[in-house]
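Note sheet for the following structure.
Readers should treat all values here as calculations from the given coordinates under stated rules, not as data from a laboratory. Bear in mind that the values here come from a model prediction, so they are computed numbers and not experimental data. Positions of Cβ are backbone-derived with ideal geometry, glycine not excepted, and every protein chain shown enters the neighbour counts.
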């Protein structure tokens, strides 16, 4: 079984995480490291994916600045989204040539990781036809936006654990009118450590990887 190294980086700035991903993607493309799975939490930030609609940003730069929210254009797929404290962000750096050369299958597999994890905490989640992400009823609990370069993935998912959902009022999340929710809002009191451990376990099972703690010093790589 192929190995995937995982690392919980804790609170990490969005720009720092972008640079780290680019570094790891290059190393993975060159075959210098195994697959990687970064887990982290961002300070308040709104990101607009390639092809996203700037009109889905509902607040001015001045309003965002006063609220302590930064803004980034980014190269992931998808539209606009918010990241912030209490949200678990996962960035897999996987070489799909060693899994499946199928982008749609990869997105569905990431969704499955989260659906299975949520089931373990008593939350029944699923998909909505024609829409990417993980949903509970008509509310999105996790957003997904990816980038693939020479079959190596970056970016990934954002799962609302204890996220302050009021920050989503600054945007039209993912360009959709649907509401957002969180595990806490759904009555789950699981800790960050419990949820991230379950994500790692389900990720390894769904992708057929042996999950091992990272040996790469990612602090130096940022």
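Some values worked out for this structure:
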read-out: Segment 1-92: equivalent-ellipsoid semi-axes (sqrt of 5 x gyration tensor eigenvalues, Cα, Å); value: 28, 15, 10
read-out: Calculated over segment 3-221: convex hull of Cα atoms, volume per residue (Å³); value: 111
read-out: Helix-only CD estimate at 222 nm, as mean residue ellipticity for the chain, using -39500 (n - 2.57) per DSSP H run (n ≥ 4); value: -8500 deg cm²/dmol
read-out: Alpha-carbon centroid distance for the pair segment 179-217 / segment 60-76, whole angstrom; value: 27
read-out: Calculated log₁₀ intensity ratio I(q)/I(0) where the Debye formula runs over C-alpha points of segment 108-209, q = 0.11, 0.19, 0.25 Å⁻¹; value: -0.33, -0.98, -1.52
read-out: Fluctuation leader among 63, 195, 89 - the chain, Gaussian network, Cα springs under 10 angstrom; value: 63
read-out: Förster radius 25 Å - calculated FRET efficiency between residue 121 and residue 164 (Cβ-Cβ, nearest 0.05); value: 0.80
read-out: Most fluctuating residue given options 145, 122, 49, as computed from a GNM of the chain linking Cα atoms under 10 Å; value: 122
read-out: Centre separation in Å (Cα based) which lies between segment 79-98 and segment 151-168; value: 6
read-out: Computed P(r) (all Cα pairs; segment 21-75; 5 Å bins; percent); value: 4, 15, 18, 17, 15, 13, 9, 6, 3
